[in-house]
Amino acid sequence: MERQLLEDIARQAGCLYLSDLRLKAHRTAVRQAVEQCEPAQYPLRQWADLAAYLLGEERSFADCDQAKEHLLAAM
């Protein structure tokens with residue numbers, strides 16, 4: 001079974017629901033969870049989906065590292 005980045009970030013950040021990822025109260029924990037993720041463990045599509053979900057923007061990335069860097073810079 002393929003790991004799911006959104007679900008893993010939510011779990012690591014202590015969020016009960018995926019929608020909690022967007023709450024300001026969880027922002028620091030979500031950022032720390034993203035920092036701890038190894039980009040290569042998840043497909044690029046999942047990184048793009050995470051960016052779209054957290055930042056509200058559709059964007060393409062060259063690779064997983066770029067997606068992670070963009071997320072961290074925007075958070």
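A few remarks follow.
- Loop trypsin sites (Lys or Arg not before Pro), the range 6-73 (other Cβ atoms within 10 Å of the site Cβ: 16 or fewer; DSSP): Arg59
- Computed over the chain: relative contact order in percent, which uses C-alpha pairs under 8 Å that are six or more apart: 28
- Whole-percent carbon and sulfur share, accessible surface of the range 10-75, 1.4 Å: 48
- Ranking Ala40, His26, Ala52 by Cα position along the charge dipole of the chain, where only Lys, Arg, Asp and Glu carry charges on their C-beta atoms, puts His26 farthest toward the positive end.
- Most mobile listed residue (Ala29, Ala52, Ala40) in the chain, GNM with C-alpha springs under 10 Å: Ala40
- Folded to 0 to 90 degrees: helix 44-55 orientation relative to the chain principal axis, Cα: 40
- Dipole magnitude of the range 1-61, debye to nearest 20 (Cβ charges: Lys/Arg +1, Asp/Glu -1, about Cα centre): 200
- Adding -39500 (n - 2.57) for every DSSP H run of four residues or longer, then dividing by how many residues the chain holds, sets the calculated 222 nm ellipticity at -16000 deg cm²/dmol.
- Summed over the residues of the chain and divided among them, the accessible surface reaches 63 Å² per residue at a probe radius of 1.4 Å.
- Charge dipole (the chain, unit charges on Cβ, about Cα centre) - positive-most of Tyr17, Ala73, Gln4: Tyr17
The values are calculated or read from the model by the stated rules, or taken from the named source; none is laboratory data. Quick caveat: nothing in here was measured; it's all calculated off a predicted structure. Every residue, glycine as well, gets a Cβ built from its backbone with ideal geometry; the counts of neighbours run over all protein chains shown. The protein model used for the area step is the full one, side chains on, heavy atoms only, and it has no ligands, DNA or RNA in it. Shrake-Rupley method; radii C 1.70, N 1.55, O 1.52, S 1.80 Å.
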